[in-house]
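Below is one structure; the comments refer to it alone.
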Amino acid sequence: MILKRIAILNYKNLEQAELSLSPKINCFIGQNGMGKTNLLDAVYYLSFCKSSSNPIDSQNIRHDQDFFFIQGFYKLEDGSQEEIYCGLKRRQKKQFKRNKKEYSRLSDHIGFIPLIMVSPSDSELIAGGSDERRRFMDLVISQYDKEYLDALIRYNKALTQRNILLKQEEEPDPELMLVWEEMMASTGEIVFQKRMAFIEEFIPIFQSFYSYISQNSELVNLSYESHLQNRSFIHALQTGRARDRIMGHTLVGIHKDDLNMQLGNFPIKREGSQGQNKTYLIALKLAQFDFLKRTGSNTTPLLLLDDIFDKLDASRVEQIVKLVAGDSFGQIFITDTNREHLDKILRKTEESYKLFQVNQGYVKEWKEDNP
């Protein structure tokens with residue numbers, strides 16, 4: 001999958017941009033706050049029907065404007081062309097179209113344009129709560145497994161309804177409670193099994209990337225924990241009703257799943273340096289890419305790298321440059337304030353590339369002879 005062209009109007013601080021892109025490497029250079037990340041976020045939006053950083057769509061409209069739109073023109077491996085359009089007007093429903101035909105459900109689009117984004121906000125995977133780590137799993141699995149995404153949506157609906165019943169002043173109808181609990185149990189089991197299978201296959205890929213980037217200087221591990229391990233979920237829900245009524249929400253379920261991230265035998269959150277944490281996160285995301293490339297819709301995902309070299313020593317930067325410049329990756333989008341990092345990548349690849357300068361929300365191609 002290649003994004004050939006993108007048109008953006010009034011998205012965040014990007015007033016207007018129309019870019020013709022390289023099928024391999026696209027580099028965006030500019031100081032912080034100029035709009036580099038917003039440009040990558042527009043590419044992300046076309047894959048996931050939402051921003052990577054702000055889930056409130058209306059807040060992604062440029063200040064003092066009434067709407068935004070993003071339009072991408074793609075080329076598939078078989079040579080066919082695809083047009084994806086997203087538009088939003090204030091106080092109106094978001095439009096999302098493929099080849100000018102609007103989707104009836106946005107979830108039908110997820111996975112059509114597989115994408116992995118590596119950004120500074122990934123630090124929340126280590127420092128943040130378990131919801132960040134569940135989202136990490138969901139973003140990959142839902143791109144190649146429609147049954148998983150459907151089960152997750154239905155589970156969250158049932159969870160919401162059960163929590164509404166728990167918050168009622170009067171005692172909830174036990175038969176209605178059972179309906180939502182049975183839906184949670186059936187869909188939760190699907191999500192649990194698929195998460196468990198994913199992590200089991202994912203761990204050695206992740207460890208391999210970490211070892212390469214760190215040049216075998218540390219050992220890392222990753223493990224999955226869930227309330228559904230070695231217990232009956234429906235029984236736990238039913239026996240926990242009184243306790244959940246007191247708390248006002250459901251205390252057990254896949255919505256509490258977590259990933260244990262370790263450096264050696266200790267939590268990386270506690271033991272890792274800034275460089276080790278950054279290496280861990282980049283290895284996680286590159287493993288996501290590799291996994292999705294193997295299991296997804298028979299197409300190479302887009303790879304978005306937003307300011308990834310900060311806080312890394314020279315040897316780790318060099319290892320990442322070797323990886324990115326290799327032929328294992330498809331189309332890549334890279335942002336950086338440091339031109340030297342980008343020049344290192346470009347010198348190591350014989351692939352085509354384009355450089356863009358981003359300044360105050362405006363983007364222009366940087367014309368120069370290839371080094």
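Of the conditions (1) over 22 Å from the mean Cα position of the chain (by Cα); (2) under 30 Å from residue 75 (Cβ atoms), residue 265 clears all except one; give me its number.
With respect to (1) over 22 Å from the mean Cα position of the chain (by Cα); (2) under 30 Å from residue 75 (Cβ atoms), residue 265 is out only on (2).
Scanning segment 46-56 for residues that are under 20 Å from residue 103 (Cβ atoms) and not aliphatic (A, V, I, L, M), which turns out surrounded by the fewest Cβ atoms within 10 Å (Cβ to Cβ)?
Within segment 46-56, the match that is surrounded by the fewest Cβ atoms within 10 Å (Cβ to Cβ) is 55.
Which of the following residues is of a type in the set (A, V, I, L, M), touching a residue at least 24 places away in the same chain (Cβ under 8 Å), in contact with a Ser or Thr (Cβ under 8 Å, 6 or more places away or on another chain) and buried (at least 17 other Cβ atoms within 10 Å of the Cβ): 25, 8, 2?
25
Is it the case that segment 31-53 has a residue that's among the acidic types (Asp, Glu) and assigned to a strand (DSSP E or B)?
The answer is no, given that none of the residues of segment 31-53 is among the acidic types (Asp, Glu) and assigned to a strand (DSSP E or B).
Filter segment 283-321 down to the residues that are among the aromatic types (Phe, Trp, Tyr) and not assigned by TED's automatic domain parsing to the domain that holds residue 1, then identify the one that is nearest to residue 35 (Cα to Cα).
289
Matching residues to (1) out of contact with any Asp or Glu (no Cβ under 6 Å at 6 or more places or on another chain); (2) surrounded by fewer than 19 Cβ atoms within 10 Å (Cβ to Cβ):
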| site | (1), (2) |
| --- | --- |
| 167 | yes, yes |
| 193 | yes, yes |
| 206 | yes, no |
| 210 | yes, no |
| 215 | yes, yes |
| 237 | no, no |
| 248 | yes, yes |
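Residues being of a type in the set (Phe, Trp, Tyr) and either more than 24 Å from residue 360 (Cβ to Cβ) or touching a Pro at 6+ places or on another chain (Cβ under 7 Å) (or both): count how many of those fall in segment 63-98.
4
Would you pick out the residues in segment 308-325 that are surrounded by fewer than 19 Cβ atoms within 10 Å (Cβ to Cβ) and farther than 14 Å from residue 209 by Cα?
Passing the criteria: 310, 311, 313, 314, 315.
Select, from 153, 164, 203, the only residue that is assigned by TED's automatic domain parsing to the domain that holds residue 136 and within 22 Å of residue 269 (Cβ to Cβ).
Only one candidate qualifies: 203.
Does segment 57-79 contain any residue that is in a loop (DSSP other than H, G, I, E, B), out of contact with any strand residue (DSSP E or B) (no Cβ under 7 Å at 6 or more places or on another chain), surrounded by 12 or more Cβ atoms within 10 Å (Cβ to Cβ) and without any contact (Cβ under 8 Å) to a residue 60 or more places away in the chain?
No.
Give me a count of the residues in segment 104-151 that are part of a loop (DSSP other than H, G, I, E, B) and touching a residue at least 24 places away in the same chain (Cβ under 8 Å).
So the answer is 8.
Restricting the first residue to segment 184-195 and requiring it to be farther than 12 Å from residue 229 by Cβ and without any contact (Cβ under 8 Å) to a residue 60 or more places away in the chain, which pairs with a second residue that is surrounded by 20 or more Cβ atoms within 10 Å (Cβ to Cβ) and among the basic types (Lys, Arg) meet a Cβ separation below 9 Å and a spacing of at least six or different chains?
none
The values are calculated or read from the model by the stated rules, or taken from the named source; none is laboratory data. Only a predicted model underlies this, so the values are computations on that prediction, with no experimental measurement involved. Virtual Cβ from ideal backbone geometry, glycine too; neighbours counted across all protein chains shown.
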